[in-house]
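The values are calculated or read from the model by the stated rules, or taken from the named source; none is laboratory data. Because the structure is predicted, anything quoted here is derived from the model rather than measured. Here the Cβ is made from the backbone with ideal geometry for all residues, glycine too, and neighbour counts use every protein chain on show. Keep in mind that these areas ignore ligands, DNA and RNA; they rest on the heavy atoms of the full protein, side chains included. Shrake-Rupley method; radii C 1.70, N 1.55, O 1.52, S 1.80 Å.
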Amino acid sequence: MTASNSATARNTGKSSLVGLLMLLRPRQWVKNAFVLAPLVFSGEFLNLSAIGQSLLAALLFSLAASATYVVNDLHDIEHDRRHPAKSRTRPLAAGIVSPPQAGLLLAGLYGALIWAYFLLPGVVQVIAAYLVLNLLYTLVLKHQPVIDIFTIAIGFVLRVYAGAQALAVPVSPWMFVTTLCLALYLAAAKRRQELAFSGTGGRRVLERYSVALVDRYAEMAATGALVFYSLFVISAKPGMVVTIPFVLFGLFRYWYVIEVLDGGESPTDALLSDWQLALTVLLWIGTCIWALWPTIV
């Protein structure tokens, strides 16, 4: 093999590794912080064993989320190749990663989750439900208006439930409904921005939405999230009432990012790119820990 051929092979290998990493979409793992919510609200955040169990559950959910991205990209490869943006940013559509390579990666992810069943069976059972739900989403549900938004939101509820399973603690119904409303808000905002920037060409389901309709969905969900969170705090964790202004500001700021700064098509990107939103989340987490601290000492 000549030097030039050897260099080409190395570059191709490096490109494939980068492509496989892109296929995992590690930036989206931020969403799996929802798995850690029960750790905070149960007051177990000083228990090293509980921290380890929660972090492992979040890691496993990250692997599961990456597996769903791989399945989705394999299923949509031809559609993505015709999309002006996805044809460059999706590794399979761009030809950086081949379908057999993606298949091997997917098998590795599934293998890791099967192995993890012997460590955290309750968590992996929830993850299995998440994988089935997202397979149905890829094949059918993402083309069904309203159902597609609720499917995305239920994925966040399952994250919280997985976190509770990791610690073997009950989850307040208030937390479930608050998480559902917050996730519906984020999902509706995502659909709004897709409509605003890509029109109805990005997804088939967008043909059956309008910006005004998803705006109303987002407003209803945001109101529900604030009301249910406030009721949860007042009834179950009164010391956390000081966190309500951060939640309210976060909802307002996120909508500002959407309406004025043209963000929000990806909640993760919006969080990572807007320092005020990121700081609000950090202050909310810090205030929650501060408010709960006296109950565990």
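So the values come out like this:
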| item | result |
| --- | --- |
| Filter result for Ala187 (touching a residue at least 12 places away in the same chain (Cβ under 8 Å), farther than 29 Å from Gly43 by Cβ and open to solvent by less than 30 Å² (accessible area, probe 1.4 Å)) | yes |
| Test result for Ala222, of a type in the set (Gly, Ala, Ser) and either over 30 Å from Ser42 (Cβ atoms) or crowded, with 20+ Cβ neighbours inside 10 Å (or both) | yes |
| Region 41-50, residues that are surrounded by fewer than 17 Cβ atoms within 10 Å (Cβ to Cβ) and closer than 19 Å to Ala162 by Cβ | Asn47, Ser49 |
| Close pairs from region 135-147: first under 15 Å from Tyr69 (Cβ atoms), partner open to solvent by less than 40 Å² (accessible area, probe 1.4 Å), Cβ under 6 Å, at least 6 apart | Tyr137/Thr151; Thr138/Val71; Thr138/Asn72; Lys142/Asp148 |
| When residues of region 164-176 are limited to those that are open to solvent by 40 Å² or more (accessible area, probe 1.4 Å) and assigned to a helix (DSSP H, G or I), the one farthest from Lys237 (Cα to Cα) | Gln165 |
| So Tyr161, is it closer than 18 Å to Leu60 by Cα and in a helix (DSSP H, G or I) | yes |
| The one condition in (1) more than 15 Å from the chain's Cα centre (by Cα); (2) crowded, with 21+ Cβ neighbours inside 10 Å; (3) β-branched (Val, Ile, Thr) that Ile127 fails to fulfil | (1) |
| Filter result for Ala94 (open to solvent by 30 Å² or more (accessible area, probe 1.4 Å) and at pLDDT below 95) | yes |
| Residue that is under 19 Å from Gln28 (Cβ atoms) and either modelled with pLDDT of 95 or more or part of a helix (DSSP H, G or I) (or both), where the choices are Leu131, Leu136 | Leu131 |
| Condition check for Gly155: among the small types (Gly, Ala, Ser), over 18 Å from Val70 (Cα atoms) and touching a residue at least 12 places away in the same chain (Cβ under 8 Å) | no |
